[in-house]
1. Test residue 460 against the stated conditions and say whether it is open to solvent by 10 Å² or more (accessible area, probe 1.4 Å), within 22 Å of residue 299 (Cβ to Cβ), out of contact with any strand residue (DSSP E or B) (no Cβ under 6 Å at 6 or more places or on another chain) and aliphatic (A, V, I, L, M).
2. Scan (1) more than 24 Å from the chain's Cα centre (by Cα); (2) buried (at least 17 other Cβ atoms within 10 Å of the Cβ) for the single condition residue 413 breaks and write down its number.
3. Let me spell it out: the conditions are (1) at pLDDT 80 or above; (2) under 23 Å from the mean Cα position of the chain (by Cα); (3) polar (S, T, N, Q), and residue 517 meets all of them except one. Which number is the exception?
4. Considering every residue within the range 366-380, establish whether at least one is open to solvent by less than 20 Å² (accessible area, probe 1.4 Å) and not polar (S, T, N, Q).
5. Which one is modelled with the highest pLDDT among residues in the range 80-112 that are among the small types (Gly, Ala, Ser) and surrounded by 23 or more Cβ atoms within 10 Å (Cβ to Cβ)?
6. I'd like to know if the range 129-149 contains one or more residues that are outside any helix (DSSP H, G or I), open to solvent by 10 Å² or more (accessible area, probe 1.4 Å), at negative phi and touching a residue at least 60 places away in the same chain (Cβ under 8 Å).
7. Out of all the residues in the range 174-182, is one or more in contact with a Leu (Cβ under 6 Å, 6 or more places away or on another chain) and modelled with pLDDT of 80 or more?
8. Do any residues in the range 305-328 that are within 24 Å of residue 407 (Cβ to Cβ) and touching a residue at least 12 places away in the same chain (Cβ under 8 Å) have Cβ atoms under 9 Å from those of residues that are open to solvent by less than 10 Å² (accessible area, probe 1.4 Å) and among the charged types (D, E, K, R), where the two are at least six apart or on different chains, and which pairs are they?
Amino acid sequence: MEKIQASSDYSKTSNNKSTNDNKIITTSNNDSTIAMTINMTEAKKVSWLKAISTGKMSNTADAKSFSRLRKLIIVTIVSVSGTTTSLIATVYYPALVQMQEYFQTTDTAINASLAIYIFLIGFFPICWSSFSDAYGRRPIYLISFMLAIIGSICCAVSANIGMFIAFRAITALGSSSCLSLGAATISDIFESHERGRAFSYYMTGPLLGPALGYYKQRKITIIIKNPIIGGGLNQALGWRSIFWFITILNACVWFATLFFLPETRYDKEDPGASLPSSSDTTKEKKAEPKRQRFVNPFQSLELLRNLNIALAAWFIGVLFMVYYLMNANFTRVYTVQYGLNSSAVGLCYLPIAIGNIFGGIIGGQASDRLYMKRAASYPGQAFPEMRLGGIFFYGTIIMQLLGFTAYGWCVQYNIHFAVGLIFLFVVGLALGGNNITTSTYMVDCFRTRSASVTACNNFVRYTMAGISSLVAADLGHVLTPGILYTLCGAILFLFSGCIIYIQIKGTKQADKEQHYQE
């Protein structure tokens, strides 16, 4: 019995000891848990700071797997950034007279500040696109819009016309990045069958920008001679307040990009979703080629050597050429011939602007549906040319010819101005649909270089648009409106053959050149 009791006592003692040991272990585990919690909290802070700096806000490598809400936020940001670019071009037009008097300069000098911005936003996206394809979209957004902020501040404090023109060029350098990066970002986050609709929504911002700020004859995308923002600021606070407004607007875009726009460029060879171990990294360092440090800023132009891209770019270039030519003469026609005041003429630009927006939305959705229908008929053989054609696309080609021709003869025979505006709505509807469909096709061809191909598109169309704006007045004096706009419609109709050729021969040409990277 004593042995049993002793054994029992030993057992109790062992159990107590074990319990105490468990308490010690539990205490130790609690301490380690607390330590781990602290480390995790610190890691989250570091991860958040790293996410802000790099833009990698999640572990998802491919931006196409982002949630719908996140994609909506990204589209909103790039659309607003596109709006600022077009708005910057037009918002200070109501203050041109006051600025000319303040700087004590000539009409030619003050107009140079307008022309330089138009031509430079067509040129600089070529450079930005090359860098974004090499280093990603997000850092280029942040760097470029910081330059736009600096340029806007310096424009606001300019003391002479030379200083103003110089920093106007800096502003164009910074704000022009979104003209190529915006389309590239859309391409990064949407699949081919979703891209047309996404492009139409993205383009809504740039199309509305000039509508808020234009007052004179020239424009960037759509002219509306109604000084909604620029006129109000100039009248209430003076011309410098316009550029402080631009500065604030660019700063808002910059901060929105910093906190809410992730890196969307997905490198399949270096996805970035999972980091390799140190041993794996060490082993792969020797095998990895050295990253190219020098980036040729004009490398994007090589894409124009591709026949399909060149033909598509020329079609859009001609489209913008006749569109700008018509708009450059619009104010003179409705002011001198129809006797409308500046506010009424501004409202007269609304039909073509609204038609452009609706045409882009309808055209984008129609091209998406056509792409999915044709891709379903040929499983595993989808190619970009499946987006081209269809009833709406070919219908808009006819609408362009009839719309321009009818508008020209309405002006020549002095028919009521409202009739001409109806035909301009038809023109805007047709041009918007063709622009979105063809631009989306070009991005589909080079998805991994979407910024570069969009920059080529912008370079061709803004160069031709700038040239047509310069000669528009002279052509308006030499030719009657009926003949001039009939020629515009006919030229655009003939160049539509480029798209028909691409659709018919595109697949064979793609196989021959092997440039497609989708």
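The values are calculated or read from the model by the stated rules, or taken from the named source; none is laboratory data. Because the structure is a prediction, the values reported are computed rather than measured. Counting neighbours? That spans all protein chains shown, and the Cβs are built from the backbone with ideal geometry, glycine included. Side chains included, ligands, DNA and RNA excluded: accessible areas come from the protein's heavy atoms. Shrake-Rupley method; radii C 1.70, N 1.55, O 1.52, S 1.80 Å.
1. Values: open to solvent by 10 Å² or more (accessible area, probe 1.4 Å): yes; within 22 Å of residue 299 (Cβ to Cβ): yes; out of contact with any strand residue (DSSP E or B) (no Cβ under 6 Å at 6 or more places or on another chain): yes; aliphatic (A, V, I, L, M): yes.
Judged against the criteria, residue 460 is a match.
2. (2)
3. Just one mismatch for residue 517, condition (1).
4. Yes.
5. Selected residue: 81.
6. no
7. Here is the first cut: in the range 174-182, the residues in contact with a Leu (Cβ under 6 Å, 6 or more places away or on another chain) are 174.
From the residues that got through so far, the ones that are modelled with pLDDT of 80 or more too are 174.
Within the range 174-182 (the criterion being in contact with a Leu (Cβ under 6 Å, 6 or more places away or on another chain) and modelled with pLDDT of 80 or more), the answer is yes, since at least one residue qualifies.
8. Correct list of pairs: 324/219; 327/219; 328/219.
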